[in-house]
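Asker: There's a structure below that I have some questions on.
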Amino acid sequence: MLFWRNVIQMGVRPAMSLLLQDRLRFANRLGLIIAGVGIILSIVYLSLGRSHVQTLLVMASFGLAVPFLNGVGAHYLTRVLLSLAPALTVTVFDIALKSSKPQNLEIVSYITPRFVVLSSMMLPLVLFVYRERWLRNVLVLLIVLLAFNLDSVYRFAGVHFTQIRPDLVSSARVYGLQTINYAIVTVILLATTSFILYTNRKNELRNDEILLEAQATNLRLQESETKLKEALELMQESKQEIERNSYVSSGLAHFLKLLRQEKDFEKLSQLILGNLASYLHIQQGALYWIQEKNEDVFLHLKAT
């Protein structure tokens, strides 16, 4: 589970918007799903004795590479390729199947792939955020154009039913009517997703407003915290200054009291030194009396 979470988080940066982070996580999950589907289909087709699994293996390899591409910062390229990969894979794989066994083809074989390609237009709609709408719209347009021009692609590849199954030409009228169905499905998909995209846009704008408000609030809190720290530091300095002044004042008052109480100089010297040692928390001390005689100076030890 830890490995899975790490793979899903590849390419996600804290500096990115939350919406873009969600898109990248979805892209990583989608890449792994595509890889799994490609591997399973390759195994199934090989077990049935069919060839032309190269396209599926390429799709699986690309799916596995998606998280690593996101991890190196190529998330725009990754999401573009993810948007186009299903439609292109279905088209290439379908052409390979039609060229290998044309005798098994029916007219529905030309109808189903187009619906699959059309449905893949949903991918760019969910892989890109509103700010990237120009790229999203271009990708949707490319997929729709591919779906509506599959006949031209088949003709170019030489696998159109008029080229390899002339007996299906009688079904051309029914096949042509499917274009109306394609158009209807396209309109329904676009209409539905337009509403969803409109709602998402409003949510994105609201999320941006909330984020800006949160950032402004956070900035105000940081400023308040800074001012509070400065005030506390000033209070601490004031407290220390008051304690120092109180310490000095109480000491002066104490020693002045001693000077008034004791008149004998010898006793006073010992009394002052003893109290001074206690007051300053020192272990040893000595008190000397300076006496000048003529030009000589003498130190007399009075207390220890």
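Asker: If Leu168 meets every condition in (1) in contact with an Asp or Glu (Cβ under 8 Å, 6 or more places away or on another chain); (2) over 30 Å from Gly11 (Cβ atoms); (3) modelled with pLDDT of 80 or more apart from one, which number is that one?
Answerer: The one condition Leu168 does not meet is (3).
Asker: Can you say whether Leu125 is out of contact with any Ser or Thr (no Cβ under 8 Å at 6 or more places or on another chain) and open to solvent by less than 30 Å² (accessible area, probe 1.4 Å), as far as the supplied structure shows?
Answerer: In short, no.
Asker: Condition first: open to solvent by less than 60 Å² (accessible area, probe 1.4 Å) and in a loop (DSSP other than H, G, I, E, B). Now tell me which residues in the stretch 265-296 satisfy that.
Answerer: Residues satisfying the conditions are Gly285, Ala286.
Asker: Right, another one. Could you list all residues from the stretch 5-52 that are open to solvent by 40 Å² or more (accessible area, probe 1.4 Å), among the aliphatic types (A, V, I, L, M), touching a helix residue (DSSP H, G or I) at 6+ places or on another chain (Cβ under 7 Å) and not in a helix (DSSP H, G or I)?
Answerer: Selection gives Met10 alone.
Asker: Of these, Val138, Val117, Val144, which one is β-branched (Val, Ile, Thr), under 23 Å from Val37 (Cα atoms) and either free of Cβ contacts under 8 Å to residues at least 60 places away in the same chain or crowded, with 17+ Cβ neighbours inside 10 Å (or both)?
Answerer: Working: Val138 fails: under 23 Å from Val37 (Cα atoms); Val144 fails: under 23 Å from Val37 (Cα atoms).
So the residue among Val138, Val117, Val144 that is β-branched (Val, Ile, Thr), under 23 Å from Val37 (Cα atoms) and either free of Cβ contacts under 8 Å to residues at least 60 places away in the same chain or crowded, with 17+ Cβ neighbours inside 10 Å (or both) is Val117.
Asker: Given the residues Arg201, Arg244, Arg206, Arg220, which is the only one that is closer than 30 Å to Ser17 by Cα, surrounded by 10 or more Cβ atoms within 10 Å (Cβ to Cβ) and modelled with pLDDT of 85 or more?
Answerer: Answer to the selection: Arg220.
Asker: Let me ask another. Looking at (1) open to solvent by 20 Å² or more (accessible area, probe 1.4 Å); (2) assigned to a helix (DSSP H, G or I); (3) touching a residue at least 60 places away in the same chain (Cβ under 8 Å), which is the one condition that is false for Leu97?
Answerer: Against the list (1) open to solvent by 20 Å² or more (accessible area, probe 1.4 Å); (2) assigned to a helix (DSSP H, G or I); (3) touching a residue at least 60 places away in the same chain (Cβ under 8 Å), Leu97 comes up short only on (3).
The values are calculated or read from the model by the stated rules, or taken from the named source; none is laboratory data. Bear in mind that the values here come from a model prediction, so they are computed numbers and not experimental data. In this analysis, Cβ positions are derived from the backbone assuming ideal geometry, glycine residues included, and neighbour counts consider all displayed protein chains. In case anyone asks, the SASA skips ligands and DNA or RNA and just uses the protein heavy atoms, side chains included. Shrake-Rupley method; radii C 1.70, N 1.55, O 1.52, S 1.80 Å.
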